[in-house]
1. What does the charge add up to near Ser110, with Lys and Arg as +1, Asp and Glu as -1, over the other residues with Cβ less than 13 Å from its Cβ?
2. Compute the helix-to-body angle for 117-130: its Cα long axis versus the longest principal axis of the chain, expressed 0 to 90° and rounded to tens.
3. Show that you can apply the helix-only estimate: for the chain, add -39,500 (n - 2.57) for every DSSP H stretch of four or more residues, divide by all residues, and state [θ] at 222 nm to the nearest 500.
4. Identify the trypsin sites (Lys or Arg not before Pro) of region 101-162 meeting these criteria: DSSP loop state and at most 11 other C-beta atoms within 10 Å of the C-beta.
5. Let's test the formula: R0 of 45 Å, r as the Cβ-Cβ distance of Thr91 and Trp167. What FRET efficiency results, to the nearest 0.05?
6. Check Val89: other-chain or 5+ apart residues with amide H under 5 Å from its amide H, H built from backbone geometry?
7. Measuring from centroid to centroid over Cα atoms, what is the spacing of region 59-132 and region 157-177 in Å?
8. Calculated FRET efficiency, Asp2 and Glu213, Cβ-Cβ r, R0 35 Å, to nearest 0.05?
Amino acid sequence: MDWISFYDFKHSVIYVNERHRDVHYRTIAEDIRGYVPPHSANVLDYGCGEATSSDLVAAAASHLTLVEAAPNVRAALAARYAGNPKISVLTPDEAMTRPLGSFDLIVMHSVAQYLTAVELDRLLGVFQRLVKPDGLVIIGDIVPPRLAAPAAAMSLLRFGAENGFFWAAVGGLMRIFLSDYFRLKKTHGLSHYTEAEMLKRLKAAGYTAKRAERNIGHNQWRMTFLARRG
């Protein structure tokens, strides 16, 4: 099993219940929508996951392209948004073939931690080609190297308390210790970056970048970076 295979199936480890899943994706969609340019924007959401609230982003955009590597998740996305002409669903390989400068906004949220540094650098290079010269690339949910697990646990409990699934979140934290997630974490690992390391990597990839004031999503211990072609 790898990370794509893990996320291709429903787990109570990922989302403690349906409310957690839906509030999680709604929060992300609302945050992304705030970055959509006001006029006829083409948006790419790379590694979008289940993305149950992407219609909120699409409503603010000219077109939204969802990219997901996990085949079952991708099929569910295609079925969910089949009736919305402003949303298309692609594989990563299909997205890579889009014409140069296709997108005003590219978002990759909560994906970098599952990539090696080499894989991340490759994608940053691809995004350089796909984003318009005046477009914006957002890399969200970057995990710092210190206190990542305790911070994630506390953020989930706070998020649960605010949204009516606190006790389900407590149970979910207990289940995760017995799950494939920790076994995968040991074998495949997660990538962590400090703010300085991430800014240096973005600069090396040809971007002018800065850290956003707040992270996309509920976990404010993690970081979002805003990058434009240098």
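1. Neighbour charge sum, excluding Ser110 itself: -4.
2. The answer is roughly 40 degrees.
3. -13500 deg cm²/dmol
4. Taking region 101-162 and a limit of 11 other Cβ atoms within 10 Å, the loop trypsin sites (Lys or Arg not before Pro) found are Arg146.
5. E between Thr91 and Trp167, to the nearest 0.05, is 0.75.
6. Result for Val89 returns Leu66.
7. Cα centres, region 59-132 to region 157-177: 30 Å.
8. The value I calculate is 0.55.
The values are calculated or read from the model by the stated rules, or taken from the named source; none is laboratory data. Keep in mind that what you see is a predicted model, and the values were worked out from it rather than measured. Here the Cβ is made from the backbone with ideal geometry for all residues, glycine too, and neighbour counts use every protein chain on show. Areas reflect the complete protein model, heavy atoms only, side chains present, ligands, DNA and RNA absent. Shrake-Rupley method; radii C 1.70, N 1.55, O 1.52, S 1.80 Å.
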